[in-house]
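Read through the structure below, which is laid out as structure tokens, and then see the notes.
The values are calculated or read from the model by the stated rules, or taken from the named source; none is laboratory data. Owing to the predicted nature of the structure, the values given are computational and were not obtained by experimental measurement. Positions of Cβ are generated from backbone atoms using ideal geometry, with glycine treated the same way; all protein chains shown enter the neighbour counts. Side chains included, ligands, DNA and RNA excluded: accessible areas come from the protein's heavy atoms. Shrake-Rupley method; radii C 1.70, N 1.55, O 1.52, S 1.80 Å.
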Amino acid sequence: REALLKKAISVRPTECGCERSAYGDFLASVGRMDEAVEQYQRAQAMMPLSVAVSERLAHALYLSGREEQGERVVAQTLQVWPDAVSLRLVKLKSALWTRRYDEALAMLDEPGLHLTTEQTEALKATFHALRSGDSAERAGAAVTLRAMAADPRRNNRIVVAALAALGESDVALDAAQRLIRSRGPMVADVLFDSNMTKVSGTPQYAALVSRLGLASYWRSSRSAPDICRQVSTSDFCAAA
């Protein structure tokens, strides 16, 4: 797939944002987030008014630890498209990494996020628990998220990210596996959430990336995922 994506880029006489964005999606799904950022930036240069590209770029920037740049992309795009729901959801989700919990709670009280009542209440409980640091609150917030993660119709990226942020590492990994199974490998970027670092060093994580074919891809392409910079002692990193 990577070879075809590179070929699609090479046959164009000039830059095209669509191919760059597609390649960025692939790189994010295999954990090469810094390289994904570069591709999304090139796509955005060609399609500066695209909400989809800005959403992907901001998400990749957050995941690669460049929070200020991610915030800037979100703010600039919302100036043009203030009702862009997908971008507002990325901003909401970013609080799980940036720890801007009060800002996230304020967003959940605003209309237009297109979340169900269950999703809204579960996220409010999550951010309240993260803000307080109370272990009982964290456990309580995880109850609804666990149920959502077990249902393919309700499981999604933000459920996985919220579970990981709450410290429910094993459940988050299982939810990620379920999500990838139901929606395909392009959502595998959930495995590289910064809050998944604790579980990324476990045998269960190594077994999952092996089953998904990621480990063999990393070896054959000689392109280890960015996460291996943080957990280089992990078995899968040693083999990547």
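Restricting attention to segment 137-165, the residues being in contact (Cβ under 8 Å) with a residue 40 or more places away in the chain, of a type in the set (A, V, I, L, M, F, W, C) and open to solvent by 10 Å² or more (accessible area, probe 1.4 Å) number 2.
Yes/no matrix, rows are residues, columns are (1) over 16 Å from R32 (Cβ atoms); (2) at pLDDT below 95:
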| position | (1), (2) |
| --- | --- |
| L163 | yes, no |
| V171 | yes, no |
| S194 | no, yes |
| V199 | yes, yes |
| V209 | no, yes |
| S220 | no, yes |
| D235 | yes, yes |
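Residues in segment 97-135 that are touching a residue at least 40 places away in the same chain (Cβ under 8 Å) and among the aliphatic types (A, V, I, L, M): A122 alone.
Beta carbons closer than 8 Å, at least 6 apart along the sequence or on distinct chains, pair a first residue in segment 206-230 that is surrounded by 14 or more Cβ atoms within 10 Å (Cβ to Cβ) and of a type in the set (A, V, I, L, M, F, W, C) with a second that is at pLDDT below 90 and part of a loop (DSSP other than H, G, I, E, B) for A206/S234; A215/A240; W218/A224; W218/A240; A224/A240; C228/S234; C228/A240.
Against the list (1) within 23 Å of N195 (Cα to Cα); (2) surrounded by fewer than 17 Cβ atoms within 10 Å (Cβ to Cβ); (3) of a type outside the set (A, V, I, L, M, F, W, C), the condition K6 fails is (1).
Residue pairs, Cβ under 8 Å, 6 or more apart or interchain, first in segment 18-42 and in a helix (DSSP H, G or I), second buried (at least 24 other Cβ atoms within 10 Å of the Cβ) and of a type in the set (S, T, Y). List them. Here the result reads R20/Y40; S21/Y40; G24/Y40; Q39/Y23, each pair linking segment 18-42 to a residue that is buried (at least 24 other Cβ atoms within 10 Å of the Cβ) and of a type in the set (S, T, Y).
Residue by residue, here is whether (1) open to solvent by 20 Å² or more (accessible area, probe 1.4 Å); (2) β-branched (V, I, T) holds:
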residue	(1), (2)
V51	yes, yes
L63	yes, no
Q76	yes, no
A95	no, no
T120	yes, yes
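Take A45 and decide whether it is in a helix (DSSP H, G or I) and in contact with a Gly (Cβ under 6 Å, 6 or more places away or on another chain).
Numbers: in a helix (DSSP H, G or I): yes; in contact with a Gly (Cβ under 6 Å, 6 or more places away or on another chain): no.
Against the criterion (in a helix (DSSP H, G or I) and in contact with a Gly (Cβ under 6 Å, 6 or more places away or on another chain)), A45 does not qualify.
Checked against the criteria, A206 counts as small (G, A, S), on the phi < 0 side of the Ramachandran plot and over 16 Å from the mean Cα position of the chain (by Cα).
When the residues of segment 188-205 are narrowed to those that are of a type in the set (V, I, T) and closer than 18 Å to A162 by Cβ, which ends up surrounded by the fewest Cβ atoms within 10 Å (Cβ to Cβ)?
Initially, segment 188-205 is screened for residues of a type in the set (V, I, T), giving 190, 197, 199, 202.
Those left that are additionally closer than 18 Å to A162 by Cβ: 190, 197, 199.
Details: V190: 24, T197: 14, V199: 22.
Among them, the one singled out is T197.
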